Amino acid sequence: MIHAYCIILLLQLLSPTGGSESGIVNGKVSKPHSRPYMASLQYDGQHSCGGILIREDFVLTAAHCKQSDTMTVVLGAHNISKKEKSQQRINVTKYIKHPKYNGKYDYDIMLLKLKKNATLNKFVKTIGLPKKKGKIPANIKCTVAGWGRTGQDKPASDVLKENTEKLQFNSECKYIWQQYFDDDSMICTKFTRKAGGICQGDSGGPLICNTKPQGITAFTDKNDCNNPEWPHVFTKVNAFIPWIKKVLKENRNVA
């Protein structure tokens, strides 16, 4: 079985400072099913990454979340350690990574075509995408959510957790992450050690700002996901709206 730590190791090797696939540190337990667009991406029944349902048959996530061709998407979940009646488990039939993704940091975005349409109900709903190239003001508070680790050396959470992080100025992100940060296709957040935020296992999950998924969790400091000296980095969703729409259109009636 391929475990999530394989991806963490891979990303650690890519830079001197390193990055890791990104659980929610501190924060709070989400109200059950209050985020019906959330998806748990699993291999052999084990949570690996997060994602969001953007159409009945498509989930948006990070490209580095693909480990093999045996991924299952779990929708309608709150406690992923239980077989809740609300859950829908659907296999992935197609993995569509951005064509410019090369296994590193840039273009870390992927669409998952589900084997069958999800059944939309009060537990499972899609989330709308932001506008193309819409401005995202710095310093606004956004929400992150996931089933990842609750600390750098702590276990993952069985229940969905969420936290608040504040958008950072792109210039500050670039100054800190240097060549690993592309302000055209990435955004980053600032946080405090006490408040916490994303950690290993949250990769592919959303950064929700003003009800829209403005970011897809990408990477953090490899040694300490809760180190406030290193902003959390997200793939900027609105930079990829044309590509997302193109893929969705091409796969409108494709099984």
For this session: Starting from the range 235-248, keep only residues that are under 14 Å from residue 214 (Cα atoms), then list their pairs with residues that are part of a helix (DSSP H, G or I) whose Cβ atoms are within a distance under 6 Å, requiring at least 6 positions of separation or different chains.
Result: none
Exercise. Which residues, counting only those in the range 58-79, are more than 16 Å from the chain's Cα centre (by Cα) and modelled with pLDDT under 95?
Worked result: 68, 69, 70
Problem set entry | Filter result (farther than 20 Å from residue 30 by Cα and part of a loop (DSSP other than H, G, I, E, B)) within the range 46-77 | 56, 57, 62, 66, 67, 68, 69, 70, 71
Problem set entry | Hits in the range 200-221 (condition: on the phi > 0 side of the Ramachandran plot and buried (at least 24 other Cβ atoms within 10 Å of the Cβ)) | 201, 204
Exercise. Consider residue 107 against the criteria (1) out of contact with any Lys or Arg (no Cβ under 6 Å at 6 or more places or on another chain); (2) assigned to a loop (DSSP other than H, G, I, E, B): it satisfies all of them except one. Which criterion is unmet?
Worked result: (1)
Problem set entry | Subset of the range 24-41 [on the phi < 0 side of the Ramachandran plot, modelled with pLDDT under 95 and buried (at least 18 other Cβ atoms within 10 Å of the Cβ)] | 24, 25, 30
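The values are calculated or read from the model by the stated rules, or taken from the named source; none is laboratory data. Small disclaimer: the values here were computed from a predicted structure and weren't measured. We place every Cβ from the backbone using ideal geometry, glycine too, and count neighbours over all the protein chains shown.
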